[in-house]
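The values are calculated or read from the model by the stated rules, or taken from the named source; none is laboratory data. This one's a predicted model, so the numbers in the text were calculated from it and none came from an experiment. Note that each Cβ is placed from the backbone with ideal geometry, even for glycine, and that neighbours are counted across all protein chains shown. Surface areas here come from the heavy atoms of the whole protein model, side chains and all, with no ligands, DNA or RNA. Shrake-Rupley method; radii C 1.70, N 1.55, O 1.52, S 1.80 Å.
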Amino acid sequence: MNTLSGFQKKYLRGLAHGKKPVVFIGQKHLTDQVYKEIGHALDHYELIKVKCIDFKEKSEKKEIAQSIASTAACHLVGMIGHVLIFFREHPDAEKRKITLPLN
């Protein structure tokens, strides 16, 4: 998994602006089902938003974001309010929907 440059993260945040969250994290925190749904969403969309409903502290959201990024093998692109933005490039080049800029 390559690291993303600041420019690439900014580009991805711009693409995510018009999207709605596809996964919501509530009282039960991060369950196996939540990880499974995040994995499926990343396989399908590559760029997703995850909304933290019951977690308002920034430290809690950072912990959740790091856990998702390491478990789902994806990049945390941004954290805006209670919404986390993740990106994982599709392994099959023909199925990729997002082309990252080089610079």
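So here's what we get for this one:
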quantity: Relative contact order of the chain, pairs being alpha-carbon contacts under 8 Å that are 6 or more residues apart, as %; calculated: 33
quantity: Rounded to the nearest 10 Å², the accessible area of S59 at probe 1.4 Å; calculated: 80
quantity: Relative contact order of region 43-103, defined on C-alpha pairs under 8 angstrom at six or more residues apart (%); calculated: 40
quantity: Placed amide H near V77: partners under 5 Å, 5+ positions off or other chain; calculated: I85, F86, F87
quantity: Most fluctuating residue given options A65, A93, A16, as computed from a GNM of the chain linking Cα atoms under 10 Å; calculated: A93
quantity: Stokes-Einstein D in µm²/s, Kirkwood radius over Cα pairs - region 16-103 at 25 °C with 0.890 mPa s viscosity; calculated: 184
quantity: Restricting region 9-90 to trypsin sites (Lys or Arg not before Pro) in coil, as DSSP defines it, with at most 10 other Cβ within 10 Å; calculated: K28, K56
quantity: Simple Cβ-charge dipole of the chain, Lys/Arg +1 and Asp/Glu -1, about Cα centre, in debye nearest 20; calculated: 400
quantity: Farthest positive-ward along region 1-83 dipole, Cα basis, beta-carbon charges - from L42, G14, S70; calculated: G14
quantity: Heavy-atom accessible surface of the chain: percent carbon and sulfur, 1.4 Å; calculated: 51
quantity: Euclidean distance of C-alpha centroids, region 89-103 and region 24-87, integer Å; calculated: 21
quantity: Globularity ratio of region 1-62, using Cα Rg and 2.2 N^0.38 Å; calculated: 1.23
quantity: Accessible area per residue in Å² at 1.4 Å probe, computed on the chain; calculated: 64
quantity: Amide H contacts under 5 Å for I25, placed H, 5+ residues apart; calculated: K51, C52, I53
quantity: Volume in Å³ per residue [convex hull over Cα atoms, computed for region 57-97]; calculated: 60
